[in-house]
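Below is one structure, written out as structure tokens; the observations come after it.
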Amino acid sequence: MTRTITLIAATALLSLGACAKKRPEVLPPAPVGSGADAGAGVADPNAAGGAVVPGSDADFQRSVTSNTILFALDQYDIDAQARSILDSQVEWLNRYPNVRITIEGHADERGTREYNLGLGDRRANAAKNYLAARGVSPARISVISYGKERPVALGSDEGSWARNRRAVTVIIGQ
Amino acid sequence: MIAPVLSLSLMLLVGTASVPAVQEAPPPQPALQQAPAQAQPAQQEELVVDVEGGVQPGAQLSIAIPVMPAAAVAQTPAGSTDALGRQLAEVVGNDLRNSGLFDPLSPGQLRQPSFPEVTAPTFDYWGGTGAQALVQGFVRANGDGTLTVGCYLYDVSTRAELTRQGFVVSPSDWRRAGHKCADMVYTRLTGEGAYFDSRVVYVSETGPKNRRIKRLAIMDQDGANHRFLTNGQSIVLTPRFAPNQQSIVYMSYIGKTPAIYVYDIGSGRQRLVVQNAATTFAPRFSPDGRYILFSMARNGNTDLYRVSAQGGQPQQLTSSPGIDTGGSYSPDGQRIVFESDRSGGQQLYVMNADGSNQQRISFGGGRYATPVWSPRGDLIAFTRLGGGFRIGVMTPNGSGERLLTDDWQDEGPSWAPNGRVITFLRSGRGTSGKADLWMVDLTGVNERRIPTPLDGSDPAWGPLRP
């Protein structure tokens, strides 16, 4: 569903571009669906009005405690709050055993770029390992690290940094 | 598009007869004899710029770089030769000023030498300007469509010619002749290696912090000839030149599969380096261009690998639990410096190129990241984390650590080809989080921003162009 909307948006932009005067340096739309776009724990606004398709990412976000778990500075261990969130995700994933997911790992801006790619991978894998230990088949789970490239909170303060050190579970379909 | 085969050739204008093209230029004989320099006893100290201690503002070498006259006014694809003579003097002046070591006199206040004066400077006049050194040159459009740019350096007080060079360039490469001229002046007066005729590849940034659009871009080190290489549809990170400058290795999120790619500058084509589902990043060429050193994250663990630049099976170099990344070869290709958090936080390590003999070299407070070996081999530049991010250098055995910058977030150093200047990215605090490209010299005194059309990050300085 998210994907469909994205495509429609992209098509709309393209047709606008076609109508407009040709400019060589027109920037393409921003990368989409990186998790940052949805925002941690924020319901998909597209899902608000219409029917939510069972098994979709909107359904997932509405049903689980959160799609996002947070980490301490430079850490990647799954704490009690993260466990409870992931447990709610396990429950939903067990209901839709054919659904595949991607776990995005993120870091705050206080690490260097390359190190944060490794750190994001660590966090995504920590979440993956927990889900797998609770019975979700690892074959259903892919991971991707965004390092510090896609923050959800834009400030340079403790509160923002805490929100950005995260792993986000995204439904990618059957 | 810059053709891979360069049409710039270097002529040494030695004596009067070696190069006919220049021989016929300024006719007067006295200047070409270089008699004053040899005849005069060496009473005065040689004109030299001491780079070691750092040159404070106000103490730079005063240098005059007047408009370079044209042998004859002629139209070229890059404009008329007399306009080029003006612009060339500006290119030379800007390069030297940006080095922080020279104080070029304003060209508008200087007389424009006639063509014959190029090899016979009016020293009485130049002595009155306060200039210690004088750079004169000329421009000529050749019959075959090329340009010849002559470049002469004089010591104003001894009235001696110190050196001269001539460059034959295609009109589209006219700025390179200016950079080569500035390099000649810089190397002759400082004793350091050249670096002005070089390029920088970096990531051009625009848009909000949470949806930043990032595009590969390439430009001359002074910001000219800027060109975008990718369209911004995918996140791109950490581009680095191949030693032959014909390709760039970088990381891209194309297809939502973060991996390293080699981008061919001539064709604009790119190819995946390692066929693997795992995340590959932090790529860097070996000095001979045969290998690409990179990091691969698998199951939460990151190790260093190398792979043939043509692709194929990667060879694993480190296997410690932890994040090993940021690998960079020594100039002889025998060793690798990298960062690892195996001891807890990020620290710097040096190992042999095959992964053996891993030794920690950083022991200060805070964390150390993004090490890069100097092309001269004598130093390693790094980012030190603790409070803010700062750029520093240390020797390959970890001694002699010095921090060069002090700002909120300076990250990702990359060396100029002469190993005396470092470019890096500086990020701003807060919601905008804008990043810019900066450079600093080894003394830490001369720090300045590199102008870019948009924001910029991850600069990588290329080698000196041939």
Next item on the list: Return the average number of partner chain Cβ atoms within 10 angstrom of each residue Cβ along peptide A:125-132.
Entry: 1
Margin query: Between B:GLN359 and B:ALA72, what is the label-point separation in nm under the 7 Å Cα-to-beta-carbon projection?
Written below: 6.5
Item checked: Ranked by how many other beta carbons lie within 10 Å on average, peptides B:409-417, B:253-261, B:265-273, B:160-168 from highest -> B:409-417, B:160-168, B:253-261, B:265-273
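Taking beta carbons within 10 Å but only from partner chains, what does the mean come to for residues B:210-219? Intermediate values should be presented prior to the final figure.
Working: counts 12, 10, 6, 5, 2, 2, 0, 0, 0, 0.
Partner-chain Cβ atoms within 10 Å, mean over residues of B:210-219: 4.
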Checklist line | Cα-projected label distance for A:ARG83 with A:ALA139, points at 7 Å along beta-carbon direction, nm | finding: 2.9
Check: So for the pair B:SER172, A:ALA132, with labels modelled 7 Å out along Cα→Cβ, what separation do we get in nm?
Finding: 5.2
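Only helical DSSP H runs with n ≥ 4 go in: add -39500 (n - 2.57) per run for chain B, normalise by residue count and round the 222 nm mean residue ellipticity to 500 deg cm²/dmol. Walk me through the numbers before you get to the answer.
Numbers: 6 runs with 55 residues, N = 466.
Taken over chain B, the calculation gives -3500 deg cm²/dmol.
Express as a percent, rounded to the nearest 5, the fraction of DSSP beta bridges in chain B (both residues included) that run antiparallel.
Details: 108 of 116 bridges.
Just about 95 percent of them are antiparallel.
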Note to self: Counting only other chains, and only Cβ atoms inside 10 Å, what mean value do you get across the residues of A:144-155?
What the structure shows: 5
Checklist line | Modelled FRET efficiency - R0 22 Å, B:VAL48 with B:ARG402, Cβ distances, 0.05 increments | finding: 0.40
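Suppose R0 equals 51 Å. What FRET efficiency, 1/(1 + (r/R0)^6) with r the Cβ-Cβ distance, do B:SER308 and B:ARG111 give to the nearest 0.05? Can you show the working numbers first?
Details: r = 58 Å, r/R0 = 1.14.
For R0 = 51 Å, the calculated efficiency reads 0.30.
Over chain B, what relative contact order in percent results from Cα pairs under 8 Å that are six or more residues apart? Each step should come with its number before you reach the end.
Details: 1152 pairs, mean separation 50.6, N = 466.
Once normalised by length, the contact order is 11 percent.
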Check: Given a Förster distance of 25 angstrom, what is the FRET efficiency for B:ALA224 paired with B:ASN244, based on the Cβ-Cβ distance and rounded to 0.05?
Finding: 0.70
Notebook entry, point to check: For B:ARG298, which sequence-distant residues (separation of 5 or more, or a different chain) have an amide H within less than 5 Å of its own amide H, given hydrogens modelled in the peptide plane?
Noted result: B:ASP303
Next item on the list: Averaging over all projection directions, find the projected area of the Cα convex hull of the stretch B:198-464 and quote it in nm² with one decimal place.
Entry: 13.0
Notebook entry, point to check: Packing-wise, with mean Cβ within 10 Å as the measure, how do B:94-106, B:67-79 rank, highest first?
Noted result: B:94-106, B:67-79
Next item on the list: Please go through the residue pairs B:LYS214/B:LYS434; A:LYS128/B:LYS209; B:LYS180/B:LYS434; B:LYS180/B:LYS214; A:LYS128/A:LYS148 and name each one whose alpha carbons sit more than 24 Å apart in this structure.
Entry: A:LYS128/B:LYS209; B:LYS180/B:LYS434; B:LYS180/B:LYS214
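Coordinate-derived values only; no laboratory data. All of these numbers come straight from a predicted model, not from anything done at the bench. When we count neighbours, we look across all protein chains shown, and the Cβ atoms used for this are built from the backbone with ideal geometry, even at glycine.
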